[in-house]
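First the structure, in the form of structure tokens, and then the observations on it.
We did not get these values from a lab; they are worked out from the coordinates using the rules stated. This one's a predicted model, so the numbers in the text were calculated from it and none came from an experiment. Cβ coordinates were reconstructed from backbone atoms using ideal geometry, including for glycine residues, and neighbour counts include every protein chain displayed.
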Amino acid sequence: MSHITRWFERKFESSYPVELLPNLLTRLRGTPARLEETLRGVAREVLIAKPGDKWSAQEQAGHLFDLEPLWLARVEDFVAGRDHLTAADLTNRRTEEAHHNAQPLEQILSDFRDARRTLLHRVEGLDALSFSRALPHPRLKTPMRLGDHLYFVAEHDDHHLARIWEVVS
């Protein structure tokens, strides 16, 4: 079995090539479909099982939805030219209090798809200045450009997809 590195142990370079932005947007656009494909046909008892008292597959999916407002707020930080990126709640209180296991999976997936569509729609309409600006990431203490931030989001998506796959397979 593979070992998935803890998210807070990950390091990120701030050098995402702007010419690869269409590829990155395609990757981000595909996350809802990959999530749905991974969870399709999985028994409810497997979806809500909490291995080792960690988040269930369904809670992991809910967490992806829960962070969409943060990702969008950070896009707005770039647009507004703020001096830093919006900080995340590192305790993940929103996910902990959301009771995702009590919700229908279809609702979580639909909400995530809609929120991701909103994020991508906002990004696709931005000018070059928004992509050239660099703002410090509050936890990593490193400057990020918008492309670097979007790469961070895509890596976060994949981290949780890997966790989900680990739980359901």
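One table, with the values for the structure above:
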{"quantity": "Prolate/oblate/rounded call for segment 62-149, Cα gyration tensor, a/c under 1.5 rounded", "calculated": "oblate"}
{"quantity": "At R0 = 25 Å, FRET efficiency that the Cβ-Cβ distance of H84 and K11 yields, to 0.05", "calculated": "0.85"}
{"quantity": "Segment 12-62: C-alpha gyration tensor shape, a/c 1.5 cut-off, then a/b vs b/c", "calculated": "oblate"}
{"quantity": "Anisotropy class of segment 125-167 from Cα gyration tensor, a/c 1.5 cut", "calculated": "oblate"}
{"quantity": "Selected from S130, H100, H149, residue furthest toward positive end of dipole (segment 85-169; charges at beta carbon)", "calculated": "S130"}
{"quantity": "Amide proton proximity set for M144, modelled H, under 5 Å, gap of 5+", "calculated": "L135, H137"}
{"quantity": "Top of H63, H99, H84 by mean-square fluctuation, Gaussian network on the chain, Cα under 10 Å", "calculated": "H99"}
{"quantity": "Debye equation applied to the C-alpha atoms of the chain, log10 I(q)/I(0) at 0.13, 0.20 Å⁻¹", "calculated": "-0.64, -1.40"}
{"quantity": "Qualifying lysines (Cα of each under 18 Å from Cα of K11; at least 8 residues distant if same chain)", "calculated": "K141"}
